[in-house]
Amino acid sequence: MTKRLGVFTAGVAVGVVFMALSFASVGGTSRVETAQQKAPSKATSKIVLENARVRVRDVTFPAGVSAGMHTHDLAHVGVIIQGGTLIFKSPDGKSETAKLDTGGVGYRDANVTHDPMNPGKTPVRVIEVELK
């Protein structure tokens, strides 16, 4: 019994040392902090379908992040998958704040230039259907 307790204690000690070394190797940060540091610094857009008539994008605006100034060459319909608020800044310095409700839809004409920014604490996700 004493031998088993000694093996157990040694195992615990090795585990504690291993965890301490692992913690130190990430600069003393927790896994949560490391994940937050790796959070996207820009909106992401992935084409999920494209044919001769439409291009469909899955767009995510991370919390506190801007997409950067860009122009939509095609008119598009947006379907809100995960709602929130976006602030759309135009090149002339004007801004428009839009509250986007999950399940809602919106439309934008072609040749619109803007920089959308998510001021919230959670991502906003939109499916954009661009009409060719």
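The values are calculated or read from the model by the stated rules, or taken from the named source; none is laboratory data. On a predicted model such as this, the values are computed, not experimentally measured, just so you know. Cβ: placed from backbone, ideal geometry, glycine included. Neighbour counts: every protein chain shown.
Right, residue 94: over 21 Å from the mean Cα position of the chain (by Cα) and basic (Lys, Arg) or not? Spelling it out, residue 94 is indeed over 21 Å from the mean Cα position of the chain (by Cα) and basic (Lys, Arg).
Would you confirm, using the coordinates I've provided, whether residue 46 is at pLDDT 95 or above, within 15 Å of the chain's Cα centre (by Cα), loosely packed, with under 12 Cβ neighbours inside 10 Å and outside any loop (DSSP other than H, G, I, E, B)? Answer is yes for this residue.
Just to be sure before I move on: is residue 52 modelled with pLDDT of 95 or more and surrounded by 13 or more Cβ atoms within 10 Å (Cβ to Cβ) in the structure I sent? Spelling it out, it is not the case that residue 52 is modelled with pLDDT of 95 or more and surrounded by 13 or more Cβ atoms within 10 Å (Cβ to Cβ). Meeting the requirement of 3 or more residues that are buried (at least 16 other Cβ atoms within 10 Å of the Cβ), the strands (runs of 3 or more DSSP E) wholly within the stretch 61-132 are 75-82, 84-89, 112-117, 124-131.
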